[in-house]
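The values are calculated or read from the model by the stated rules, or taken from the named source; none is laboratory data. None of the values given here were measured: they were computed from a predicted structure. With ideal geometry, Cβ positions are generated from the backbone for all residues, glycine too; neighbour counts draw on all protein chains shown. When the accessible area is computed, the model is the full protein with side chains, heavy atoms only, and any ligands, DNA or RNA have been set aside. Shrake-Rupley method; radii C 1.70, N 1.55, O 1.52, S 1.80 Å.
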Amino acid sequence: GRRAAGAGDVRKEGGGRGPPAGREGGGRGLRPAGRAGDDWAVAGGRGGGRGARNDGPSSSAPMPPPPPKLTPERVSSKLEEDVQEYLQCGDMNELCLCLKELAAKAPPMELGKMLVMTAMQKTFDSRNDDPRNKVAKLFGKLHAEGLLSSAELGAAFTDVLEFIEDEVVDIPHIGAYVARFMGAAIADEVVPLSMLNSALSHLKESEEVPAAAIGGEALKSVLSIVGEDKAKGMYAAAGLRLAELLPGSDVGADVVADFLESKGLSALDPALVQRARDERAESQLKADIERREALLGSIRDYLKEALKGGSSVEEIKTWMNEVCPTEEADSKVTRVVTRCLLESAADHDNVKEVCGQINQHAQLLMRYTHPKGEGAFPRMAQVLFEVQHFCHDRQFPQNLIKSIFVKLYRLDVVVEEAFFLWREEVEEPTPGKERALFQVNEFVVWLEQAEEEGEDDDDEDDGD
């Protein structure tokens, strides 16, 4: 009876279906306070129940605000730092990386234009070309990386050129520097060659930094970078109106050609330059002929009067030296002097009078018949052709041409070799050659025989 009673006491005091510890009045138990997940509604439930609720950030909660953009002042300062580092080390890849990073932090700005403007300005005061060479190489790289557009670089050049006439006071060679930058940009095909017209038009009549000087240097830079063939193609395709960059209101193709040639740019348009050369040579030849004809006319007019007794031998010599020095005389002068001397005789058909004039003015004739150096024999032969022409005009009076030939030979105005040269020249257009040969043949044969006999005598002397 004691065991049964004890067992009943145990169930009644601590077991049976009484509520579990921690619950007041029944129901499902909750997790104790103070543990992780105290804010969950139910600790697992039966058989899985509904999942627990998490009071952390939900998908509908606002995102944190993005970091603020850099101020324009800070952007400019960062560009200055990046450009300075590039000019020192020359690492274009590093500069491009810095610019990309800066673009992500900067407000909408023309960073490419700002960078090249900063770079160019920094090199204008440099005493050597190394910084400028680095900047010139930069345009193509930035453009290839998508960091510099053609419009941005074109605008940068336009801004620099707008006030270049003021800058030249402090930077005397700024025109050459900008020209080199433009040439590099054109060679890398970042900006078109035709932009020279729009960028330089306001400097057409400038005296400090003329458009022609900058344009010429830019074209020279393009030529040196890409070579003649490619530069020629670029120049033709661009349709550059070079005449609009040259000073003056009426600039023709000849002026453009002269400009290209003077600047060493003939390869850009060789056809134009050659055409201008040909026209210039033709014009020069025409002017020389006109000037020469005027000189011959003045000599002819003077000698016609002077040789008839109006002037002394010395006066004639002095005048001729002033008007036509012997070293400037040619065969035409020789023939004019010869004809005037022959026609100065009172009777043109009188052998004695004609030969008398030759005898009196032989020294004048010799001055223009015996040039220094080579060519004396052909010049002497021209005297004989003029004598031939003179006698032809007179219908070859008897013994006239032979007498004149003999007189010229005896006075040493014309030597044997010149007589032979005259005889053999059949293409010379002076009229009367056949009849002249007939009348002087005996004399020329005699000269030939005398020369052969002289050679034989020389051989005998050598043998002795």
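For the range 358-375, does any single residue satisfy the condition of being at pLDDT 95 or above, of a type in the set (Gly, Ala, Ser) and out of contact with any Cys (no Cβ under 7 Å at 6 or more places or on another chain)?
The answer is no, given that none of the residues of the range 358-375 is at pLDDT 95 or above, of a type in the set (Gly, Ala, Ser) and out of contact with any Cys (no Cβ under 7 Å at 6 or more places or on another chain).
Can you run down the residue pairs with Cβ atoms below 6 Å, 6 or more apart or on separate chains, where the first is in the range 63-82 and without any contact (Cβ under 8 Å) to a residue 40 or more places away in the chain and the partner is in a loop (DSSP other than H, G, I, E, B) and surrounded by 12 or more Cβ atoms within 10 Å (Cβ to Cβ)?
As it stands, the answer is LEU70/ALA106; VAL75/ALA106, since those pairs meet every condition given.
Could you tell me which numbered condition ARG291 fails, if it satisfies all but one of (1) of a type outside the set (Gly, Ala, Ser); (2) part of a helix (DSSP H, G or I); (3) under 15 Å from the mean Cα position of the chain (by Cα)?
Every listed condition holds for ARG291 apart from (3).
Among the listed residues LEU246, LEU265, LEU307, LEU242, identify the single one that is touching a Ser or Thr at 6+ places or on another chain (Cβ under 9 Å), open to solvent by less than 30 Å² (accessible area, probe 1.4 Å) and among the aliphatic types (A, V, I, L, M).
LEU307
Would you confirm whether or not the range 392-409 contains a residue that is part of a helix (DSSP H, G or I), small (Gly, Ala, Ser), open to solvent by 10 Å² or more (accessible area, probe 1.4 Å) and at pLDDT 90 or above? Full working, then the answer.
From the range 392-409, those part of a helix (DSSP H, G or I) are 392-393, 400-409; that's our starting set.
Next, only the ones that are small (Gly, Ala, Ser) stay: 403.
Now drop any that are not open to solvent by 10 Å² or more (accessible area, probe 1.4 Å), which leaves 403.
Okay, now just the ones that are also at pLDDT 90 or above, so 403.
Scanning the range 392-409 turns up at least one residue that is part of a helix (DSSP H, G or I), small (Gly, Ala, Ser), open to solvent by 10 Å² or more (accessible area, probe 1.4 Å) and at pLDDT 90 or above.
Return the residues of the range 131-170 that are surrounded by fewer than 16 Cβ atoms within 10 Å (Cβ to Cβ) and β-branched (Val, Ile, Thr); say none if nothing qualifies.
Correct list: THR158, VAL168, VAL169.
Check off (1) in contact with a Lys or Arg (Cβ under 6 Å, 6 or more places away or on another chain); (2) open to solvent by 50 Å² or more (accessible area, probe 1.4 Å) for ARG277 and give me the number that stays unchecked.
Looking at each condition in turn, ARG277 falls short on (1).
Taking the range 92-103 as the region of interest, how many residues are open to solvent by 70 Å² or more (accessible area, probe 1.4 Å) and either free of Cβ contacts under 8 Å to residues at least 40 places away in the same chain or farther than 19 Å from GLY140 by Cβ (or both)?
Selection size over the range 92-103: 4.
Can you pull out every residue in the range 238-262 that is without any contact (Cβ under 8 Å) to a residue 40 or more places away in the chain, in a helix (DSSP H, G or I) and of a type outside the set (Val, Ile, Thr)?
Matches in the range 238-262: LEU242, ALA243, ALA253, ASP254, ALA257, ASP258, LEU260, GLU261, SER262.
Give me the residue from the range 171-206 that is under 24 Å from SER249 (Cβ atoms) and buried (at least 21 other Cβ atoms within 10 Å of the Cβ) and, out of that set, nearest to the chain's Cα centre (by Cα). Even if it seems obvious, please write down each step before you answer.
Our first condition is that a residue be under 24 Å from SER249 (Cβ atoms); within the range 171-206, this holds for 175, 194-206.
Now drop any that are not buried (at least 21 other Cβ atoms within 10 Å of the Cβ), which leaves 175, 196, 199-200, 203.
Numbers: GLY175: 16, LEU196: 14, ALA199: 19, LEU200: 17, LEU203: 19 Å.
Only one residue tops the list, namely LEU196.
Give just the number: which of (1) open to solvent by 10 Å² or more (accessible area, probe 1.4 Å); (2) within 16 Å of TYR302 (Cα to Cα); (3) in contact with a Ser or Thr (Cβ under 8 Å, 6 or more places away or on another chain) does VAL351 not satisfy?
VAL351 satisfies all of (1) open to solvent by 10 Å² or more (accessible area, probe 1.4 Å); (2) within 16 Å of TYR302 (Cα to Cα); (3) in contact with a Ser or Thr (Cβ under 8 Å, 6 or more places away or on another chain) except (2).
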